[in-house]
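Below: one structure, written as structure tokens.
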Amino acid sequence: MFGPFPRRQAPIVLAGAFLLAGAAHAQSPAPFTSEHSARGVVYNMTFGPPIGAPQDGYGMGIADIDGDDDLDLVFLGRPDGLVGVYENNGLGVFVNRSAASGVAISPSGAGVALFDYDRDGDLDLLVAQRYHPTRLYRNVGGLAFADVSAGAGLGFTAPVTGVSVADFDGDGWPDLHLCVYSTEVPDKLLRNLGDGTFEDVAAAAGVASLGLGYQSVWSDHDRDSWPDLCVSNDRGVGNVPNQLWRNDGGSFIDVSAPTGADVSLCSMGIACGDLNGDARPDYYFTNLPDPEPPLFGVNPLLLSAAKGPFTRGEAEWGVSNLRMSWGAVFWDFDNDSDLDLYVNNEFQPNALFRNPGTPPMADIGVSMGVAGSANLSFASATGDLDGDGDLDLVINNYGGPVRLLMNQEGSRRNWIRLRVAGEGRVRDAVGASATLVAVGPKGEERAPQWREVLFGGNTYLAQNDPTLHFGLGDATAVASIEVRWPAGGAVRTISSLAINARWTVHHPSRLGDVDGDGAVGSLDWAQFAQWGLGPLQPGREMLDFDGNGALGAEDVDAFWQRASFARGDLDESGSVDAGDLAQMLGSWGSKGSHADLDLDGSVGAGDLAILLGAWGG
């Protein structure tokens, strides 16, 4: 099943001996603090893989599972197979919900995905396993799940490793790519049929790879708004090298060779993000420190170009990392607007490469307290666990506790976070992207930052919080944010959002629909009237039609253009008449009433004039 490819032992390499020293930041960064026990997370990893299993780690997930605007946690890898489910109490302290989660014992767990497969507004859970069935769990609320694997067309047994999510065909339903570590069983592309079931279309789509797949990521390589598929394959020398398929409106073209993505190595994890600031995704693959050609053990960094193939950048950027490495994550841990790189290493300390804005980067993992322990380190994930505006780090090592490493450096600088909502009731716009332009303290515009909404990928076997996080450094304002929904979808430009805050950007179809019932009705207007006009606050973004960071007269006019009832028809009888006049007079002088048609703060003469002007309409 797995082929004759036993994992080789790594040669001893002096930590940092082959790393280039990057330019240091002016201020010494504050180290992370290890706080898993203090924050209620006690989940001890097994000392090794199941008997007969490859030695390649267990996954995790970070996401807002219960919809209360803070991040919860899922872990795999305990010796007894118990899946760890931890609820955030809103303060970055966690409550263990594992026993009542409804998630079955998973003794050979691998990849984790948290995504809204049924589009009901909450995140469901997929647990991939190598030697046991892959399972899909529907979120039933309260950090509890129901197993729907059999009915959904999952529950198959195959050596599945990494998982990634995208709407590859643009039908509005999230699909799955599953890497299979086998030269006999191909990778799976599971198309979501929208009725609670999936079908494997990998062969028909031309992506049924027989490489030893470890991790995939969906990213818009060519910037046409359609998610392209990149797969990291182990033992690429003499087998299947890494692969990149371009998505042309739901069909795939293999562009691995012409782009140079077909690097052959012992490829495990993928870091995906815009490292060099050109608004295109770059890829970093982890590797063995093997003296054999063609890569001689380096971790290749593929830098995208607007035209032509990737360029190799690991030497210039100082991230060759000649160590046995697994997970890799691009993230802006210090909120200075540049993506940094974290790498999980086996046998040697984990690395944190800090990006000074121009190459090279320097490994500061040991001094930052994120180098891990002597145990084997495989997976990591990032998210703002305590809500303080910087990204924290979670790592798992064999034979030790999962560690929550809390960021003490990022809060020195400004930031903004965006959740890009999907169309209608779809919770997240998987595959959307945003380009942010910040304003410096002297009014100067900064270089754009580009981010993608990734569910899986940019890691190994794990899922980072999919919320878009932008470090702003010393920037004092946001000039603009252009948000693009995937598959040729809508484009919105937002401006003047307050910094150091979390915001949601809604699809144009959701604007005005406060309660999310699919219509712009009286309850939505009543909420608008209660909130009133003024600077935008988080939670009210669906009323900011013009995206200028404030609720004003233009938004009121736009609301009524979309509303299902006429302005002044307070009782929604179909006409403005005596019944509406009676309601207005009964609310005379009150604040926050739906009869406040001009939103001046109280019901008065201005509202009466609007009602009488619409009389009989």
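The values are calculated or read from the model by the stated rules, or taken from the named source; none is laboratory data. Keep in mind it's a predicted model, so treat the numbers as computed, not measured. Please note: Cβ atoms are built from the backbone with ideal geometry, for glycine as well, and neighbour counts cover all protein chains shown. Ligands, DNA and RNA are excluded from the accessible area calculation, which covers all protein heavy atoms including side chains. Shrake-Rupley method; radii C 1.70, N 1.55, O 1.52, S 1.80 Å.
Quick rundown of the values:
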quantity: From V95, V103, residue being touching a Phe, Trp or Tyr at 6+ places or on another chain (Cβ under 8 Å), touching a residue at least 24 places away in the same chain (Cβ under 8 Å) and not in a strand (DSSP E or B); calculated: V103
quantity: Inter-residue pairs, beta-carbon under 7 Å, first in contact (Cβ under 8 Å) with a residue 12 or more places away in the chain and among the basic types (K, R) and in the range 64-78, second part of a loop (DSSP other than H, G, I, E, B) and open to solvent by less than 50 Å² (accessible area, probe 1.4 Å), 6+ apart; calculated: R78/Y43; R78/M45; R78/T46
quantity: Residue within the range 562-570 that is assigned to a strand (DSSP E or B) and either open to solvent by less than 10 Å² (accessible area, probe 1.4 Å) or in contact with a helix residue (DSSP H, G or I) (Cβ under 7 Å, 6 or more places away or on another chain) (or both) present; calculated: no
quantity: Answer residue from the range 165-216, given it is assigned to a loop (DSSP other than H, G, I, E, B) and within 18 Å of the chain's Cα centre (by Cα) and is surrounded by the fewest Cβ atoms within 10 Å (Cβ to Cβ) among those; calculated: G172
quantity: Test: L154 is open to solvent by less than 30 Å² (accessible area, probe 1.4 Å) and more than 22 Å from G260 (Cβ to Cβ); calculated: yes
quantity: Matching option when the condition is small (G, A, S) and closer than 18 Å to A271 by Cβ, among G327, G399, G410; calculated: G327
quantity: The range 441-472, subset open to solvent by 10 Å² or more (accessible area, probe 1.4 Å) and small (G, A, S), residue nearest to N88 (Cα to Cα); calculated: A447
quantity: Residue list for the range 20-53, restricted to those being assigned to a loop (DSSP other than H, G, I, E, B), more than 27 Å from G318 (Cα to Cα) and modelled with pLDDT under 95; calculated: M45, T46, F47, G48, P49, P50, I51, G52, A53
quantity: Output for the range 331-355, where each listed residue is open to solvent by less than 10 Å² (accessible area, probe 1.4 Å) and either in contact with an Asp or Glu (Cβ under 8 Å, 6 or more places away or on another chain) or on the phi > 0 side of the Ramachandran plot (or both); calculated: W331, D332, F333, D334, N335, D340, A351, L352, F353, N355
quantity: The range 285-320, subset buried (at least 17 other Cβ atoms within 10 Å of the Cβ) and among the aromatic types (F, W, Y), residue farthest from W245 (Cα to Cα); calculated: W317
quantity: Boolean, N321 is modelled with pLDDT under 95, at positive phi, polar (S, T, N, Q) and outside any strand (DSSP E or B); calculated: yes
quantity: Lone unmet requirement of (1) open to solvent by 30 Å² or more (accessible area, probe 1.4 Å); (2) in contact with a helix residue (DSSP H, G or I) (Cβ under 9 Å, 6 or more places away or on another chain) for T358; calculated: (2)
quantity: Counted residues, the range 440-461 - those being within 18 Å of D332 (Cα to Cα) and assigned to a strand (DSSP E or B); calculated: 6
quantity: Selection within the range 106-123 - in contact with an Asp or Glu (Cβ under 7 Å, 6 or more places away or on another chain) and either farther than 16 Å from V140 by Cβ or basic (K, R) (or both); calculated: none
quantity: Residue match in the range 217-229 (condition: closer than 25 Å to Y342 by Cα, of a type in the set (D, E), assigned to a strand (DSSP E or B) and in contact with a strand residue (DSSP E or B) (Cβ under 9 Å, 6 or more places away or on another chain)); calculated: yes
quantity: The range 123-147 - residue that is assigned to a loop (DSSP other than H, G, I, E, B) and more than 27 Å from D56 (Cα to Cα) and, of those, farthest from the chain's Cα centre (by Cα); calculated: G142
quantity: Counted residues, the range 424-441 - those being within 18 Å of the chain's Cα centre (by Cα) and under 24 Å from A279 (Cβ atoms); calculated: 9
quantity: Complete set of residues in the range 241-284 that are surrounded by fewer than 18 Cβ atoms within 10 Å (Cβ to Cβ), of a type in the set (A, V, I, L, M) and touching a residue at least 60 places away in the same chain (Cβ under 8 Å); calculated: A279
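Yes or no, residue by residue, for (1) closer than 30 Å to L391 by Cβ; (2) open to solvent by 20 Å² or more (accessible area, probe 1.4 Å); (3) outside any loop (DSSP other than H, G, I, E, B):
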{"position": "G488", "(1), (2), (3)": "no, yes, no"}
{"position": "S496", "(1), (2), (3)": "yes, yes, no"}
{"position": "I499", "(1), (2), (3)": "yes, yes, no"}
{"position": "D515", "(1), (2), (3)": "no, yes, no"}
{"position": "A519", "(1), (2), (3)": "no, yes, no"}
{"position": "Q527", "(1), (2), (3)": "no, yes, yes"}
{"position": "Q537", "(1), (2), (3)": "yes, yes, no"}
